[in-house]
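Asker: Pasting a structure below so you can have a look.
Derivation of every value follows stated rules applied to the coordinates shown; laboratory data play no part. Please read all numbers here as calculations on a predicted model, not as lab measurements. Positions of Cβ are generated from backbone atoms using ideal geometry, with glycine treated the same way; all protein chains shown enter the neighbour counts.
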Amino acid sequence: GIAGSFTHEVEESFYWPDVAGLSGRVSPESLAGCSRIKWPGQTGIRILIALIISFTSFVVGIALPSPSPIESSENNDRINTDNLNNRQDVESALKDVRSVSENMDSASNIKEILNFTGTMTLNTGENSVIMTIESNVPDGGIFEIGLVNGDFDILSDFVEIKDGKVEKEFIIPPEWEIGYYTGIAAFRFNLEDHPQPENIRNIYGEKGEKMTGGQAVETFDGGHFGDVESVTIAYPSEAAVQERINEIFISTLKELIKSSNGVIKKIEPDGTWQIVLVTVSDSWYYSMDHEKERFAETVGGAIETIIRNAGKVNENQSVSVYFYDSYGKELATPKFWGGYNIKR
């Protein structure tokens, strides 16, 4: 009857749900061996109900989705603010985050700008030299620029930077000779006639005192200016300049021979211009030894300077000048530590 209690046979016949597998069964062997099943009493019923409730709760708990702080809608991702009491607080917090981030970006940009950088390139045009400077100075910054020739004549101007560049085409005057021209440039704060605009002074300081970096040069009044490394270019071309240099070189040697009043007869290289042979007249033999040595040092030094200025030898190469008479006899040779040995 219903009021009966669990028997050993019924306890073996029921297989309670396997929580791990979420499944249950009744043993067919037990059913086959029993003519009837005895139902549990009131105590057993209460236990059975409790187990069913526990099992159901476990299954439902697994089926429910886990809460997520960020939910995705069909069109856009949004922050779930359903649990926040005041949306205005959220918007205010987001605004503060944006403001702080912008300030950090601004501070980083200012630091990069204060670290002055500038590079120059020169290119030749038709009767002109084009200067281009690339720098991190903001728009409106004024650069003092110039182009200098071999006679130290100068073309200059003051140009504002825009989009990180300063560009200037210098028209070469007709009187300027073929040769090497040098470009110079600086970003200054101490020029009364060409002061930097207010937005630039607000960044770098009234005297450029906030400027940093390897190209920032300190001034006598505690400020700084940005120094752009100078660049040299052959005008109108390297080939034309070399041809002109050779002309000047030969002309200068001829002028040196002429200025000796007939003492120097010939100046020529011995293969290269590292070894120079100078032929002198017989007046050499009528001079005192100290006069011969003084002559050799003066003429030898002048020849070396002319050769180096003409680029006939490299900077690290030596130039040695030897003196001979018209018969090829050696008269004076350079000493290792300077000066000359007078042979005759």
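Asker: Give me P(r) over segment 246-344, computed from all C-alpha to C-alpha distances, binned every 5 Å, as integer percentages.
Answerer: 2, 13, 26, 27, 19, 10, 3, 0
Asker: Non-local amide H neighbours of N341 (under 5 Å, H modeled in plane, Pro and chain starts lacking H): which ones?
Answerer: T333, K335
Asker: Next question. About the Cα centre of segment 102-184, what is the dipole size in debye to 20, counting +1 per Lys and Arg Cβ and -1 per Asp and Glu Cβ, all else neutral?
Answerer: Computed charge dipole of segment 102-184: roughly 200 debye.
Asker: How high is the relative contact order of segment 220-344, in percent, counting Cα pairs under 8 Å that sit 6 or more residues apart?
Answerer: 21
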